[in-house]
Amino acid sequence: LLDFIALTTSTPLLSLPAGRPEGRLAVVLRSNGRCDSHALSQSTQTFLLRVGVRVRSTSTQVIVIPSQAAQRRLKAMIHSACGIGNGQ
């Protein structure tokens with residue numbers, strides 16, 4: 001139900017120098033437009049956000065779970081984008 005949009009156009013989106021174990025990448029999350037009842041009512045992993053990560057030649061996915069407050073805001077945004085009630 002959500003799309004990630006990176007706020008940078010560089011390739012790769014984020015590159016860490018040797019010895020630096022973490023970094024930040026600014027993204028926008030937006031509704032992907034799936035407003036059909038099946039997508040909205042049956043999504044069980046809406047807030048398990050999969051992020052692709054590559055270290056040298058090894059690729060994997062990392063699961064990012066937003067805070068409960070962020071999940072409420074995202075759910076309200078999805079409902080607003082789909083024209084559902086007051087976003088609650």
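The values are calculated or read from the model by the stated rules, or taken from the named source; none is laboratory data. If you're wondering where the values come from, they're calculated on a predicted model, not measured in any experiment. Positions of Cβ are backbone-derived with ideal geometry, glycine not excepted, and every protein chain shown enters the neighbour counts. Each accessible area value is taken on the protein alone, full model and side chains, heavy atoms only, with ligands, DNA and RNA left out. Shrake-Rupley method; radii C 1.70, N 1.55, O 1.52, S 1.80 Å.
Restricting attention to segment 40-54, which residues are open to solvent by less than 70 Å² (accessible area, probe 1.4 Å), part of a strand (DSSP E or B) and touching a residue at least 40 places away in the same chain (Cβ under 8 Å)?
LEU49, VAL51
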Among the residues in segment 70-88, are any open to solvent by less than 70 Å² (accessible area, probe 1.4 Å) and at pLDDT below 85? yes
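Every residue, every condition in (1) open to solvent by 60 Å² or more (accessible area, probe 1.4 Å); (2) free of Cβ contacts under 8 Å to residues at least 24 places away in the same chain; (3) farther than 17 Å from VAL64 by Cα; (4) over 13 Å from the mean Cα position of the chain (by Cα), yes or no:
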position	(1), (2), (3), (4)
ALA6	no, yes, no, no
PRO12	yes, no, yes, yes
LEU16	yes, yes, yes, yes
LEU29	no, no, no, no
CYS35	no, no, yes, yes
HIS38	yes, yes, yes, yes
